[in-house]
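The values are calculated or read from the model by the stated rules, or taken from the named source; none is laboratory data. Owing to the predicted nature of the structure, the values given are computational and were not obtained by experimental measurement. Counting neighbours? That spans all protein chains shown, and the Cβs are built from the backbone with ideal geometry, glycine included.
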Amino acid sequence: MEKKIIDARNSFCPGPLMELIAGMKAAAVGDELEVLSTEKGSASDIPEWINKVGHEVIETREEGGVWHIFVRKLK
Amino acid sequence: MKILIIGGGTGGTILANNLSRRLSGELKAGKARIVMLSASDRHMYQPGLLYVAVGRMTPDELYRDQASLLEPGIEFHVDPVTEFHFDRNQVTAASGKNYDYDILVIATGSRALMSSIPGLAENAETFYTEETAVKMFKALRSFEGGRVVVTVGVPHKCPMAPLEITFMLNDYFKDRGIRDKVQLHYTYPIGRAHSLENVAKWATPEFGRLGITYETLFNMKEVDGANKILRSEEGSETKYDLLIAIPAHKGMEVVEKAGFPGGWIPTNRASLHMEGEHGKNVLVLGDTTNLPISKAGSTTHFQAEVIAENLAAVIKMGVPVRDYDGKVFCFIQAGKERATYASFNYTTPPDPQPPTRAVHWFKTAYNKLYWTSARGLL
């Protein structure tokens, strides 16, 4: 199991969720990914996608304008 | 000072030419050398593949001899790199020859991977190579009606390609007089029609106006060719009669082999240096970076200009002069006769305006002007 950071700060295109989707494909089951995003919408659209696909949202927190969204690949 | 550029695509070529002009005195005096290694003696204008796929350009219009694009002082070899030796400032190429460097620039690009999704290569059309674009056009020519599904993988080169091909297909079928027999359906990986929010806000009513249906939060999982069904990671499925794919991309194999997952090299977003202990004299350009920005010709163009300015300044003054600010500019072909554009950087989102014929004609002109860009003039 690995921990990976996806630094998607200031990314309008492809944007944090697209970066996460690509990162998830490359990750192994059990890996934990931390997405860094400066886009407020990431706090809702990343969990929405994670839940829809069936992975796990571990934690979401905001620090100084940067959202840190921790997720785990489950399948 | 030997500058070795790996890759003769858009970024490598613009960089080599721009830098060659800035260092003309140093090159003549033998104080600097620019060497380029490429996998091909030809240079392709990749955005033209979109037009080939709908019968609006022919493949021969997309190529120039690479050597003819380069300034005379640049040493050009068709000798693709097979191995990087960052610890000894050297690469090995296919010929078996080793090339040393003081500064290395990696601009090897990316490749579309139809094999990344089970059943995709066998059952879908795409347009990321000459061969597949021609094949796609032939499939369109013989298509007489039914459900056409455009589907999108991530990451992919050219963020506007999914929308552009959809709007171009709308006009293609209209021109053939069979639009009423074709149901156009678009799928996209995230919760709106495009990654750029303002582009999605523009595209969604366009879809409504043109009768194009769409589905979001749809990431390809597998294609059931026997039953003509595309299934998603999210658990949904859609029927198709003709499947058009913008497949997920990867960096080049030689980069993956060098220990970079996916073929993307961790890169500093401002200086464009490779991250890590050997990055001090290694720069990364275009699709090859792992930066969270668009994989597009304009991205690598703007990055090439920054790297050229900085390398020339370092050689002449000992310090670089500017950072890359994340600048990207993308035309958006909104059908066969209208276009708009999106321009943005790390801090400013785009604000695309309604498509016009004027922007379309500018884009059409740029399809030829590109060769001036490649030469580092525009």
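Quick rundown of the values:
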read-out	value
B:Val105 vs. criteria part of a strand (DSSP E or B), more than 14 Å from chain A (Cβ to nearest Cβ) and among the β-branched types (Val, Ile, Thr)	yes
Single condition B:Leu169 does not satisfy, out of (1) among the aliphatic types (A, V, I, L, M); (2) away from chain A (no Cβ under 14 Å); (3) free of Cβ contacts under 8 Å to residues at least 60 places away in the same chain	(3)
Selected residue (only one of B:Ile178, B:Ile190 is buried (at least 19 other Cβ atoms within 10 Å of the Cβ) and either more than 30 Å from A:Ser11 (Cβ to Cβ) or within 14 Å of another protein chain (Cβ to nearest Cβ) (or both))	B:Ile190
Residue list for the range B:284-325, filter: among the aliphatic types (A, V, I, L, M) and farther than 19 Å from B:Asn345 by Cβ	B:Leu311, B:Ala312, B:Ala313, B:Val314, B:Ile315, B:Met317, B:Val319
Odd one out for B:Gln333, checked against (1) at pLDDT 95 or above; (2) within 19 Å of B:His194 (Cβ to Cβ)	(1)
Selection from the range B:259-309 of residues that are surrounded by fewer than 20 Cβ atoms within 10 Å (Cβ to Cβ), within 11 Å of chain A (Cβ to nearest Cβ) and part of a helix (DSSP H, G or I)	B:Pro261, B:Gly262
Long-range neighbours under 6 Å by Cβ, at least six apart or interchain, first residue more than 25 Å from B:Lys28 (Cβ to Cβ) within the range B:73-87, second in a helix (DSSP H, G or I) and among the polar types (S, T, N, Q)	none
Condition check for B:Asp287: farther than 23 Å from B:Tyr370 by Cβ and in contact (Cβ under 8 Å) with a residue 24 or more places away in the chain	no
The range B:290-312, residues that are without any contact (Cβ under 8 Å) to a residue 40 or more places away in the chain, more than 19 Å from B:Ser195 (Cα to Cα) and among the polar types (S, T, N, Q)	B:Asn310
Tabulated pairs, the range B:210-227, first farther than 30 Å from B:Arg338 by Cα and assigned by TED's automatic domain parsing to the domain that holds B:Thr187, second among the aromatic types (Phe, Trp, Tyr) and in a loop (DSSP other than H, G, I, E, B), C-beta under 9 angstrom, 6+ apart or interchain	B:Val223/B:Tyr240
Every residue from the range B:1-50 that is touching a strand residue (DSSP E or B) at 6+ places or on another chain (Cβ under 8 Å) and surrounded by fewer than 17 Cβ atoms within 10 Å (Cβ to Cβ)	B:Met1, B:Lys2, B:Ser40, B:Asp41, B:Arg42
Single unsatisfied condition, B:His273 versus (1) touching a Leu at 6+ places or on another chain (Cβ under 7 Å); (2) not assigned by TED's automatic domain parsing to the domain that holds B:Leu311	(2)
Any hit, the range B:349-360, residues being away from every other protein chain (no Cβ under 12 Å) and under 18 Å from the mean Cα position of the chain (by Cα)	no
Where B:Ala312 falls short, out of the listed (1) within 22 Å of the chain's Cα centre (by Cα); (2) more than 11 Å from chain A (Cβ to nearest Cβ)	(1)
Any hit, the range A:40-49, residues being in contact with a Phe, Trp or Tyr (Cβ under 9 Å, 6 or more places away or on another chain), modelled with pLDDT of 95 or more, within 7 Å of chain B (Cβ to nearest Cβ) and part of a helix (DSSP H, G or I)	no
Complete set of residues in the range B:203-218 that are more than 18 Å from A:Ile21 (Cα to Cα) and either within 14 Å of another protein chain (Cβ to nearest Cβ) or of a type in the set (S, T, N, Q) (or both)	B:Ala203, B:Thr204, B:Thr213
Members of the range B:239-258 that are more than 14 Å from chain A (Cβ to nearest Cβ) and either free of Cβ contacts under 8 Å to residues at least 24 places away in the same chain or among the acidic types (Asp, Glu) (or both)	B:Asp241, B:Glu253
The range B:315-348, subset among the β-branched types (Val, Ile, Thr) and touching a residue at least 60 places away in the same chain (Cβ under 8 Å), residue nearest to the other protein chains (Cβ to nearest Cβ)	B:Ile332
Matching residues, the range B:342-378, being outside any helix (DSSP H, G or I) and surrounded by fewer than 18 Cβ atoms within 10 Å (Cβ to Cβ)	B:Ser343, B:Asn345, B:Thr347, B:Thr348, B:Pro349, B:Asp351, B:Gln353, B:Pro354, B:Thr356, B:Leu377, B:Leu378
Per-region count, the range B:31-78, residues under 21 Å from the mean Cα position of the chain (by Cα), under 23 Å from B:Arg21 (Cα atoms) and among the polar types (S, T, N, Q)	2
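To keep it simple, each residue is scored yes or no on (1) assigned to a strand (DSSP E or B); (2) within 18 Å of B:Asn219 (Cβ to Cβ); (3) in contact with a helix residue (DSSP H, G or I) (Cβ under 6 Å, 6 or more places away or on another chain).
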site	(1), (2), (3)
A:Leu17	no, yes, yes
A:Ala22	no, yes, no
A:Val29	no, yes, no
A:Val35	yes, yes, yes
A:Lys52	no, yes, no
A:Val57	yes, yes, yes
A:Phe70	yes, no, no
A:Lys75	no, yes, no
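Residue by residue, here is whether (1) among the acidic types (Asp, Glu); (2) under 19 Å from B:Ile6 (Cβ atoms) holds:
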| position | (1), (2) |
| --- | --- |
| B:Met274 | no, yes |
| B:Gly279 | no, yes |
| B:Lys295 | no, yes |
| B:Ser298 | no, no |
| B:Val306 | no, yes |
| B:Asp325 | yes, no |
| B:Asp351 | yes, no |
